[in-house]
Structure formats: structure tokens, C-alpha cells
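Student: Encoded as C-alpha cells, here's the structure I'll be asking about.
The values are calculated or read from the model by the stated rules, or taken from the named source; none is laboratory data. Computed from a predicted model, the values in this text were never measured in an experiment. Every residue, glycine among them, receives a Cβ derived from its backbone with ideal geometry; neighbour counts consider all protein chains shown.
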Amino acid sequence: MNKNIVILISGSGSNMAAIVKASRNRHWQQRLGAQVVAVISNKANAAGLVFARDHQIATAVFDHKAFASREAFDAALMVEIDRHEPALVVLAGFMRILTPGFVQHYEDRLINIHPSLLPAFTGLNTHQRALDMGCKFAGATVHRVTAELDHGEILDQAVVPVLPGDTAQALAERVLTQEHIMYPRAVERLLTRMV
């Protein structure tokens with residue numbers, strides 16, 4: 001049974017690229033039967049779309065500004081995602097809050113990565129907030145998506161030390177390096193459970 005993965009992005013898609021690279025591994029393809037079949041963005045200029053096209057992955061753009069409501073956007077997005085019969089829908093820097101109906105439709109198949117050690121620092125500006133609070137450690141979390149923002153079962157976490165003189169950008173870059181290792185690993189674990 002093939003396990004199709006659909007990835008949603010809004011920007012550079014560096015976590016998407018890490019997952020695509022991992023998915024090209026023979027283990028993923030032969031043992032897990034897994035492949036990234038589509039990358040969908042809400043922004044036409046998302047750099048990650050170029051990477052996906054360069055790797056012969058189907059792409060689509062749904063500009064959320066073209067829809068009258070959040071519900072209408074999510075409904076159109078679901079139609080496109082469902083065309084690919086996904087075993088897993090992966091949010092990789094997809095900067096939209098999804099409706100409860102969308103989340104319920106993909107229950108147990110929808111995951112996200114968040115740049116903090118959840119439950120700390122949900123929402124935006126996580127690295128600056130961690131610095132402002134004097135945290136000694138920061139990191140990232142892969143979690144199941146629920147209707148509540150940045151909540152849901154924690155599937156994996158990476159811990160990164162906060163260094164003296166750190167800026168939000170420097171911390172973000174170190175955390176992102178760990179995200180690129182952790183997110184493919186978390187996806188692989190989930191796919192393994194589906195075997």
C-alpha cells in the first residue's frame with residue numbers, strides 16, 4: 001500500500017525539502033511505500049514550490065486572499081489534498097490557522113512542526129520570546145494538529161541550548177538545523193506505525 005504524503009507550505013519549505021530528501025531513501029520507498037506526492041502553498045511566490053517542481057512533485061497554489069472565508073479556503077484546500085489520497089498531511093511552515101472542520105477531516109493524519117518546546121511559546125515570535133524570558137534551552141516540537149493552536153500530542157522534540165549573546169535569528173538558525181533532522185524522523189516513525 002502506498003503511503004502518500006502531502007505537504008503544505010507558505011515559504012522556503014526547508015522542512016519540506018528535508019522530508020522530500022528523506023523520502024527518496026530506498027527504505028522509505030520500499031519498506032514504507034512512502035512518497036511525497038504533492039506540495040501545496042497558499043502563496044504563489046513560495047520558494048519551496050520551485051524545489052518541489054525541480055523534484056518532479058505535483059504543486060498547487062491556493063491563495064487564501066481569493067476566498068471569502070477561512071472555511072471556503074479550507075474546503076477548496078481539502079478537495080485538492082484529497083485528490084492525492086494522503087496517508088499523512090504535513091504542515092511545514094504553512095502560515096494559516098486551520099478550521100476545526102479541516103482538522104477533523106484529517107484527524108490522526110495531520111502534523112505540524114513548531115519552533116519551540118511546546119507547550120511553551122505557542123504562536124509567533126517564539127525565539128525572541130524565549131530569549132526575553134531568559135530560557136536556557138529552546139527547540140522545536142513535532143505534534144499532531146488539533147483545533148487548538150499549537151497543541152496536540154507531542155511526537156518528537158529537539159532541544160537547543162541558548163548561547164550567551166544569542167539573537168533571535170541565530171537561535172532560529174540553530175533550531176532549524178535540528179528541525180531538518182527531527183521532522184523527517186517523526187514522519188518516518190508515523191509511517192512505520194502504518195505498515
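Student: Among the residues of the range 71-87, write down those that are among the β-branched types (V, I, T) and without any contact (Cβ under 8 Å) to a residue 24 or more places away in the chain.
Tutor: V79, the sole residue that qualifies.
Student: Right, here's the next one. Against the definition (more than 15 Å from the chain's Cα centre (by Cα), closer than 22 Å to V6 by Cα and not in a helix (DSSP H, G or I)), how does E148 come out, yes or no?
Tutor: So E148 passes the test.
Student: What about R96, is it more than 24 Å from W28 (Cα to Cα), modelled with pLDDT under 95, of a type in the set (K, R) and surrounded by fewer than 22 Cβ atoms within 10 Å (Cβ to Cβ)?
Tutor: Spelling it out, R96 is indeed more than 24 Å from W28 (Cα to Cα), modelled with pLDDT under 95, of a type in the set (K, R) and surrounded by fewer than 22 Cβ atoms within 10 Å (Cβ to Cβ).
Student: Return a yes/no flag: does the range 133-141 have any residue that is modelled with pLDDT under 95, surrounded by fewer than 17 Cβ atoms within 10 Å (Cβ to Cβ) and either in contact with a strand residue (DSSP E or B) (Cβ under 8 Å, 6 or more places away or on another chain) or part of a loop (DSSP other than H, G, I, E, B) (or both).
Tutor: No, that holds for no residue.
Student: Of all the residues that make up the range 99-121, how many are surrounded by 15 or more Cβ atoms within 10 Å (Cβ to Cβ) and within 16 Å of the chain's Cα centre (by Cα)? It would help to see each step written out before you state the result.
Tutor: Applying the first criterion (surrounded by 15 or more Cβ atoms within 10 Å (Cβ to Cβ)) to the range 99-121 yields 99, 102-103, 105-106, 109-118, 120-121.
Still in the running and within 16 Å of the chain's Cα centre (by Cα): 102-103, 106, 109-118.
Matching residues across the range 99-121 total 13.
Student: Output the number of the condition that Q35 fails; it satisfies all remaining conditions of (1) polar (S, T, N, Q); (2) surrounded by fewer than 13 Cβ atoms within 10 Å (Cβ to Cβ); (3) in a strand (DSSP E or B).
Tutor: The one condition Q35 does not meet is (2).
Student: Can you tell me which of (1) in contact with a Gly (Cβ under 7 Å, 6 or more places away or on another chain); (2) more than 27 Å from M194 (Cα to Cα) is the one G93 doesn't meet?
Tutor: Condition not satisfied by G93: (2).
Student: Listed residues A22, A44, A68; which is in a helix (DSSP H, G or I), of a type outside the set (V, I, T) and surrounded by fewer than 23 Cβ atoms within 10 Å (Cβ to Cβ)? Can you show your working first?
Tutor: Values: A44 fails: in a helix (DSSP H, G or I); A68 fails: in a helix (DSSP H, G or I).
Only one candidate passes the filter, namely A22.
Student: Does G123 satisfy the condition of being part of a loop (DSSP other than H, G, I, E, B), touching a residue at least 24 places away in the same chain (Cβ under 8 Å) and in contact with a strand residue (DSSP E or B) (Cβ under 6 Å, 6 or more places away or on another chain)?
Tutor: no
Student: Sort out which residues of the range 71-86 are touching a helix residue (DSSP H, G or I) at 6+ places or on another chain (Cβ under 8 Å) and surrounded by 20 or more Cβ atoms within 10 Å (Cβ to Cβ), and write them in order of number.
Tutor: Residues satisfying the conditions are F73, D74, L77.
Student: On to the next question. Can you name the residue in the range 1-19 that is modelled with pLDDT of 95 or more and in a loop (DSSP other than H, G, I, E, B) and, of all such residues, is nearest to A186 (Cα to Cα)?
Tutor: Looking at the filtered set, the residue picked out is G13.
Student: Let me ask you something else. Consider only pairs whose beta carbons are under 9 Å apart and that are at least six residues apart or on different chains; among these, list those whose first residue lies in the range 44-70 and is of a type in the set (A, V, I, L, M, F, W, C) and whose second residue is loosely packed, with under 13 Cβ neighbours inside 10 Å.
Tutor: A44/D63; V61/A44
Student: Looking at (1) touching a residue at least 40 places away in the same chain (Cβ under 8 Å); (2) touching a Lys or Arg at 6+ places or on another chain (Cβ under 6 Å), which is the one condition that is false for V162?
Tutor: Against the list (1) touching a residue at least 40 places away in the same chain (Cβ under 8 Å); (2) touching a Lys or Arg at 6+ places or on another chain (Cβ under 6 Å), V162 comes up short only on (1).
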